[in-house]
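The values are calculated or read from the model by the stated rules, or taken from the named source; none is laboratory data. Remember, it's a predicted structure, so these values are computed and weren't measured experimentally. Cβ placement follows ideal geometry from the backbone for every residue including glycine, while neighbour counts extend to all protein chains displayed.
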C-alpha cells in the first residue's frame, strides 16, 4: 500500500496547473492526503472531487474561505471517517481527517503555523497538545496509528538548512521542537528519520519568495509518524523532491 502526503498550497491551483492527476498516474497511490487545500469540495470540478477509482473526503475551514483545509483520496473505503479532533475551536479550521481502516487509523492533519503573533503560537501549541492526547487515546485503545501532514515544525538541526539563523523563528522554536520530542517519547516514530537517521539536506518545504528550492535551502516539516509497534510494516519512504506545484513537495510511504 502506497500513501502520499502533500501540502498542495491550494488544491484548485494544483488542478489548474496540471499537477493533480500526474501525482496519481505517476505513483499509483492507494491513498493521497492533501493539506492546505484552501477550498470547499463544491469549488472543485466533479472529476477532481469524485476522482475515478477513489473515495474522497474533505474537511474545510468554517470560519474563513480559501484557508486551511485537508482532503483524502483512498481506493479502499474506510470503515469510519471523523472530521476533526472533536474540539470545535480546532475543527472549525478544517485541519484534520481521521480515517479508520481495518489494520490502522490514518490521520491527515494540517497543523497550525505559529506565525502571526502570540495568539497563533498559543493556538498552535494548544492544538499540538490536543492532537497528542487524541493519538495517545487511539494507541491505548489498541489501534495502530499513522499520522501525516504538514506539522509546521522542523524537529532537529539536521531538519533544516539554516538552524542557527532560525532559532528564534516559529517552526524551529524550542517549545515547538519539544512537542516533537514528546511525540517520540510517547511511542511514535518519525518514519523518514528512522530509515535515514543521519541523512542531511532532505527537505520538504522551501520559501518561494527567495527561490530557496533552487538552492535547496529548506525545511523538513512534513512527516509520516507511526506507533512503535507498527514501524516494522513500513517498507519504504520517498521524498518526491522534484514534484512541482507547491512550496512543499510530496512524501510517500509504502506499507
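Within the stretch 55-63, is even one residue over 24 Å from residue 22 (Cβ atoms), touching a residue at least 40 places away in the same chain (Cβ under 8 Å) and outside any strand (DSSP E or B)?
So far as the stretch 55-63 goes, no, none of its residues is over 24 Å from residue 22 (Cβ atoms), touching a residue at least 40 places away in the same chain (Cβ under 8 Å) and outside any strand (DSSP E or B).
For the list (1) closer than 24 Å to residue 2 by Cα; (2) crowded, with 23+ Cβ neighbours inside 10 Å; (3) free of Cβ contacts under 8 Å to residues at least 60 places away in the same chain, I need the number of the one condition that residue 142 fails.
Going through (1) closer than 24 Å to residue 2 by Cα; (2) crowded, with 23+ Cβ neighbours inside 10 Å; (3) free of Cβ contacts under 8 Å to residues at least 60 places away in the same chain one by one, residue 142 breaks only (2).
All but one of (1) surrounded by fewer than 18 Cβ atoms within 10 Å (Cβ to Cβ); (2) touching a helix residue (DSSP H, G or I) at 6+ places or on another chain (Cβ under 9 Å); (3) closer than 17 Å to residue 225 by Cβ hold for residue 198, so report the exception by its number.
(3)
Only residues that are surrounded by fewer than 21 Cβ atoms within 10 Å (Cβ to Cβ) and without any contact (Cβ under 8 Å) to a residue 60 or more places away in the chain: list them for the stretch 211-232, please.
Answer for the stretch 211-232, where residues must be surrounded by fewer than 21 Cβ atoms within 10 Å (Cβ to Cβ) and without any contact (Cβ under 8 Å) to a residue 60 or more places away in the chain: 211, 212, 213, 214, 215, 216, 217, 228, 231, 232.
Can you find a residue that is loosely packed, with under 15 Cβ neighbours inside 10 Å and in a loop (DSSP other than H, G, I, E, B) anywhere in the stretch 30-38?
no
When the stretch 181-193 is examined, which residues are found to be closer than 28 Å to residue 116 by Cα and either touching a strand residue (DSSP E or B) at 6+ places or on another chain (Cβ under 8 Å) or crowded, with 19+ Cβ neighbours inside 10 Å (or both)?
Result: 183, 184, 190.
Going by the structure shown, is residue 81 assigned to a strand (DSSP E or B), modelled with pLDDT of 95 or more and farther than 20 Å from residue 10 by Cβ?
When the stated conditions are applied, residue 81 passes them.
Hey, any hits in the stretch 117-127 for a residue that's surrounded by fewer than 17 Cβ atoms within 10 Å (Cβ to Cβ), at pLDDT 95 or above, over 15 Å from the mean Cα position of the chain (by Cα) and under 20 Å from residue 70 (Cβ atoms)?
Yes: one or more hits.
Tell me, which residue of the stretch 194-211 that is in contact with a strand residue (DSSP E or B) (Cβ under 6 Å, 6 or more places away or on another chain) and in a loop (DSSP other than H, G, I, E, B) is nearest to residue 152 (Cα to Cα)?
Restricting to residues being in contact with a strand residue (DSSP E or B) (Cβ under 6 Å, 6 or more places away or on another chain) and in a loop (DSSP other than H, G, I, E, B), the top hit is 204.
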